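The structure appears below as C-alpha cells.
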Amino acid sequence: MKITVIGAGAIGGNLARKLSLAGHDVQVAHARGPEAVTAEVLEAGARAVALDESVQGRDAIILAIPFGVAGQLADLFASVPAETVVIDTSNYYPGVLSGQIEAVDNGQVESVYTSELLGRPVIKAWNAALAETQRTRGVPAGTPGRIAIPVAGDSEDAKKVAMSLVDDTGFDPYDAGPLADSWRQQPMGPAYCTELTLDELPAALAAADPVKDGAVRDSMLERRAALPDNPTLDDIVEMNRAAHR
C-alpha cells in the first residue's frame, strides 16, 4: 500500500519503520519540513516528503500528531479522496500534552472530536499501546501471547485496512466497534497500554468507565512518581494494570 505517516515522533517513527519493513511504500511528513525527519525514522526505506505534498495518491494516511491539532490539517485534507483511509493515533492528556479542550472534557469522544476538526472520518488505532511496546514487542501473527490493539471506526472497509496494517506492525488487531465506542480505548482505561492478548482485550474494553478512567488518567504523573528511577516498560505496564485491579 501507499502510506503516509504525518508526524515523526515515537509513534510515527515506529509506524514508518514497521510498515516499511512490511513492504509498504511509506512517506513521512513533518510540520517542520522533510529535514526534521531523522535518519532513524527512514532507515527501513521510508522517505521524507513535504507536508503539502504528502497526502495525494495515498491509500492510507496515519496521523501521529499531538491531540487537538488536526484542525490545522483541514485545508490539506479537503482534496483527499473519500476512499483514502485516515487513521488517528492520538490521545488526550490535558495539562500534560495539550491544553484543556472543553468539548472532550464534557464527554465528546477523542477521535470523534479529531474527525470533526479534520473534516472527514477517521479510524482509531495504535493509540492504546505504548511507543516502546510498539517498537519492541511486535511479533509475527500466530505467536502465542501476541499483544492485541483495538481498532475502532465507522467504515467497515476502512477499518479492515487499518486492522491489516496493525497486523503488519506485529500485533493482533481487534475490531472495537464504531468510532463513538473508541472512548473505551482512550487513556487510561483497562484496555489502554496494558499489553493484553486478543482473548483478554474484549473484557477490558467492556470494563471501561469514563469517570474512573478519567481519574486514573489525571493521576498518571503521581503514579509515575512512585515508580523506580528509570522505570522499565514492564514497570509502566504493571502500573497501568494495577490501576484497574
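Observations on the model:
- Taking other residues whose beta carbon is less than 9 angstrom from the beta carbon of residue 18, and scoring Lys, Arg as +1 and Asp, Glu as -1, yields +1.
- Think of each Lys and Arg Cβ as +1 and each Asp and Glu Cβ as -1; about the Cα centre, that makes the dipole of the range 192-231 roughly 140 debye.
- Selection among 231, 104, 117 by position relative to the dipole of the chain gives 231 as farthest towards the positive end (Cβ unit charges, Cα centre).
- Here the contact order of the range 17-163, divided by its residue count and restricted to Cα pairs under 8 Å and six or more residues apart, works out to 18 percent.
- Between the alpha-carbon centres of the range 228-245 and the range 1-79 there is a gap of 30 Å.
- Accessible-area ranking of 17, 32, largest first, probe 1.4 Å: 32, 17
- Cleavage-rule hits, GluC sites (Glu not before Pro), the range 11-43, DSSP coil, Cβ neighbours within 10 Å at most 14: 43
- Relative contact order, whole percent, for the range 52-95 stands at 55, derived from Cα pairs under 8 Å and 6 or more residues apart.
- The string of couplings for the range 191-196 from the Karplus curve (6.51, -1.76, 1.60, θ = phi - 60°) is 8, 8, 6, 10, 6, 9 Hz, one whole number per residue in order, with x for Gly and Pro.
- The dipole here belongs to the chain: it is taken about the Cα centre, uses +1 on the Cβ of Lys and Arg and -1 on the Cβ of Asp and Glu, and is about 260 debye.
- Estimated 222 nm signal from helices in the chain, with DSSP H stretches of n ≥ 4 weighted -39500 (n - 2.57), rounded to 500: -9000 deg cm²/dmol
- Portion, in percent, of the accessible area of the chain that falls on carbon or sulfur, probe 1.4 Å: 52 percent
- The residues of the range 121-245 present an accessible area of 46 Å² per residue when probed at 1.4 Å with all protein chains retained.
- From most to least packed by mean Cβ count within 10 Å, the peptides 147-154, 231-238 give 147-154, 231-238.
The values are calculated or read from the model by the stated rules, or taken from the named source; none is laboratory data. Keep in mind that what you see is a predicted model, and the values were worked out from it rather than measured. FYI the Cβ positions are ideal-geometry reconstructions off the backbone, even for glycines, and counts take in every protein chain you see. Surface areas here come from the heavy atoms of the whole protein model, side chains and all, with no ligands, DNA or RNA. Shrake-Rupley method; radii C 1.70, N 1.55, O 1.52, S 1.80 Å.
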